[in-house]
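To keep things clear, I will list the structure first and then write my remarks on it.
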Amino acid sequence: MKYEKIQGPKGVREYLPPESAAFEWVREQLIAPAKAAGYQLMELPVFEDTNLFTRGVGESTDVVSKEMYTFEDRGGRSITLRPEGTAGVMRAVIEQNLDRGQLPVKVWYSGQFFRAERPQAGRYRQFYQVGIEAIGLDDPAIDAEVIAIADRGFKNLGLRNYRLEITSLGDAQSRAAHRIDLMAFIKKLDLDEATAKRAEINPLRLFDDKRPEMQAAMVKAPLLLDYLSDSSRKSFELVQGYLRAMKIDFVINPRMVRGLDYYTGTTFEFVHSDLGAQSGIGGGGRYDGLMEILGGQSLSGIGFGLGVDRALLAAIAEKSIPAEDFTSDLFLIPLGESAMEMALTTAQELRAAGIRTEIAFGDRALKGAMKAADKSGARYVVVLGDSEISSGNVDLKRMSDGVLTSVKITQLRDQLRQALSL
């Protein structure tokens, strides 16, 4: 019987060798600064109670109103595949009482997220993010640290063609004063019913409307930065001062509105100039009130989500991915059964010492095995045959220039560690 091929789901970016090695490298480089700053791993479900996102993310957002993958499970519960990370982290912090211990709670996470969007380059229905959250303290210095961690992640990738945009969405007092004048301005506009309804829930959403006619209509709209309370203004000035002290360049974007309703205070986005329409490679901000909305204490928090998919596209565009990091250190070519046994035991020892070692399988002839070694990109090659086994010596071939070095098999590990500077 001939079966029909099953296709992968539309809008999902799959990473296969050899590109998957670059994807993994990007993800690890983005995570590394968070680990260095004392953030700890949090692993969470990829699906949650739908109410978590409708309450936490905001019903006025496109994420909730248009893009969530929501379904009913066998128990009749409404379940949603996570479209973002912060709400799930906050739910776990509240449920597990992490907010009752030492503050701030500092965690990092990575994984798949899901939004039912129109697929295009850099925008997928399943996408990957690295994120951090610092929950429990409202301190401009934490805001600066969180931004610095994201910036360091992008610098780890060797990226140069990006800019950091920041703003402040103020506190409750700031937003209340701004809302009065903004709503008065919006009422003079000729809006369709859906847009008017969205403005009633959160008028800031109109700044994020990508339609040219709406962008033109909002050109003269009052800006929240002009309504900041004294405390909000001072906090934002401190954040800017800390960033300058850390030599992190930024521009102030007074029209920035992130796609989630929970943001308050310091808000930021990283934009890459080589990615076209989908130029955002990561962003985040502070979220006063989110914990309380989700049933917890009235504690503040700040975090970010960095797009691994888009960061990879940016690294490819800037040609900053070091290909040598994805190749093996040694390629072993065994000739015969006894040689295969030695190759397996030798590889086991070398791998335990941190030396990336491959073996030529399949009983290949020497010529074919050498071609495989060359294609693998391995830095060194060793052939194991009867003569090598009996003498206890092998020729360590450096693939970059073909230089051969005679090495005792028992000293192969130390020789390679020295050669590789391990």
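Once every DSSP H run of n ≥ 4 in the chain is given -39500 (n - 2.57) and the sum is divided by its residues, what mean residue ellipticity at 222 nm do you get, rounded to the nearest 500 deg cm²/dmol?
The helix-only estimate for the chain comes to -11000 deg cm²/dmol at 222 nm.
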Integer Hz, Karplus 6.51/-1.76/1.60 couplings in order for segment 108-121, x for Gly and Pro: 10, 8, 8, x, 8, 9, 9, 9, 7, 9, 6, x, 7, 4
Residue with peak Gaussian network fluctuation, the chain [Cα springs, cutoff 10 Å], from 341, 19, 200: 341
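Provide the packing ranking of 379-391, 360-372, i.e. peptides ordered by the mean count of other C-beta atoms within 10 Å per residue, highest first.
Values: 379-391: 17.5, 360-372: 14.0.
The most tightly packed comes first, giving 379-391, 360-372.
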3J(HN,Hα) from dihedral phi, segment 200-213, Karplus parametrisation 6.51/-1.76/1.60, rounded to Hz, x for glycine, proline: 5, 6, 8, x, 4, 4, 5, 5, 9, 6, 8, 5, x, 5
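With +1 on each Lys and Arg Cβ and -1 on each Asp and Glu Cβ, and nothing else charged, work out how big the dipole of segment 172-329 is about its Cα centre, in Debye to the nearest 20.
Working: 19 positive and 22 negative charges, 129 e Å.
It comes to approximately 620 debye.
If the only charges are +1 at each Lys and Arg Cβ and -1 at each Asp and Glu Cβ, what is the size of the charge dipole of segment 272-359 around the Cα centre, to the nearest 20 debye?
Values: 5 positive and 12 negative charges, 66 e Å.
Value, rounded to 20: 320 debye.
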Amide H contacts of residue 282 (H built 1.01 Å from N, under 5 Å, at least 5 apart or other chain): 270, 307
Relative contact order (%) - criterion: Cα under 8 Å, at least six apart; region: the chain: 16
For residue 209, residues with placed amide H under 5 Å, excluding near neighbours: none
Which of 71, 352, 221, positive extreme of dipole for the chain (C-beta unit charges): 221
Whole-Hz ³J(HN,Hα) from phi, Karplus 6.51 cos²θ - 1.76 cosθ + 1.60, for segment 290-297, glycine and proline x: 5, 4, 5, 4, 8, x, x, 5
Cα centre as origin, Lys/Arg/Asp/Glu Cβ charges: the chain dipole, Debye: 640
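I'd like the FRET efficiency for residue 141 and residue 41, computed as 1/(1 + (r/R0)^6) with the beta carbon distance as r and R0 of 22 Å, rounded to 0.05. Walk me through the numbers before you get to the answer.
Numbers: r = 24 Å, r/R0 = 1.07.
The calculated FRET efficiency here is 0.40.
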Whole-percent carbon and sulfur share, accessible surface of segment 197-255, 1.4 Å: 55
Over 27 Å between alpha carbons, listed pairs 187/210; 2/375; 155/210; 35/155: 2/375; 155/210
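The values are calculated or read from the model by the stated rules, or taken from the named source; none is laboratory data. What you see is a predicted model; the values in this text were computed from it and never measured. FYI the Cβ positions are ideal-geometry reconstructions off the backbone, even for glycines, and counts take in every protein chain you see. For the accessible areas, the whole protein counts, side chains as well, though only heavy atoms, and no ligand, DNA or RNA atoms are used. Shrake-Rupley method; radii C 1.70, N 1.55, O 1.52, S 1.80 Å.
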